[in-house]
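J.: First, the structure itself, so that you have it in front of you.
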Amino acid sequence: MTTRTSFPRLTSPGRIGPMETPNRIVLPAMDMNVSEDGEIEQSEIDHYVARAKGGAGLIITGACAIAFPVGAASLKEPGLSDDQLLPLRGRELL
Ligand SMILES: Cc1cc2nc3c(=O)[nH]c(=O)nc-3n(C[C@H](O)[C@H](O)[C@H](O)COP(=O)(O)O)c2cc1C
């Protein structure tokens, strides 16, 4: 049995239009459903920070409501329609 231990194509830089990524590892959008009343929770931030530190080349966040709660698929979805929903705004995440 052959075991692959390196993935030169996957780990090589990628490009999507004008955007360059350090590798081709992409975290697809996956809603976490941990927000309360649209407020982004620390656990959600920790989740994305861990993936960024782990080396994901591109992170697509889960669904966010731009006019919370209007348009939200779930009331556990983060809202981006009001600064009050971003309690950690202005803080460095990494
Ligand atoms: C648990 C879970 C949550 C997801 N949440 C979102 C989401 O918030 N927004 C979105 O656009 N897609 C969401 N998706 C869809 C995934 O991004 C999509 O399935 C993934 O990109 C794989 O693409 P495929 O279904 O074409 O294989 C979710 C998928 C899963 C499994």
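J.: Sort VAL26, VAL70 so the one with the fewest other Cβ atoms within 10 Å of its own Cβ comes first.
T.: Ascending number of Cβ neighbours within 10 Å: VAL70, VAL26.
J.: What order do you get for PHE68, PHE7 when you list them from fewest to most C-beta neighbours inside 10 Å? Don't skip to the end; give the middle numbers.
T.: Numbers: PHE68 20, PHE7 11.
If I rank by nearby Cβ atoms, fewest first, I get PHE7, PHE68.
J.: So what is the 222 nm mean residue ellipticity for the chain from helices alone, if each DSSP H run of at least 4 adds -39500 (n - 2.57) and you divide by all residues, rounding to the nearest 500 deg cm²/dmol?
T.: Helix-only estimate at 222 nm: -4500 deg cm²/dmol.
J.: Modelling each spin label as a point 7 Å along the Cα-to-Cβ direction, I'd like the GLU41/THR21 distance in nm, to one decimal.
T.: Each label point is offset 7 Å from its Cα along the Cβ direction, giving 2.7 nm.
J.: I've got another one for you. By how many degrees, 0 to 90 and rounded to 10, does the Cα axis of helix 42-54 deviate from the longest principal axis of the chain?
T.: Relative to the chain, helix 42-54 is tipped by roughly 20 degrees.
J.: GNM on the chain, C-alpha springs below 10 Å: top fluctuator among GLU41, GLU77, GLU20?
T.: GLU20
J.: Sticking with this structure for a sec: Cut-off is 10 Å between beta-carbons; in what order do GLU36, GLU44 appear when sorted fewest neighbours first?
T.: GLU36, GLU44
J.: Over all alpha-carbon pairs in the chain, figure out the percentage whose distance exceeds 15 Å.
T.: 67 percent
J.: Below 8 Å between Cα atoms, with a sequence gap of 6+, how large is the relative contact order for the chain in percent?
T.: Relative contact order, the chain: 27 percent.
Read the figures in this text as sums done on the coordinates, not as results from a lab. Note that the coordinates shown come from a computational prediction; the quantities given were computed from them, not determined experimentally. All Cβ positions, even for glycine, are placed from backbone atoms using ideal geometry, and neighbour counts span all protein chains on display.
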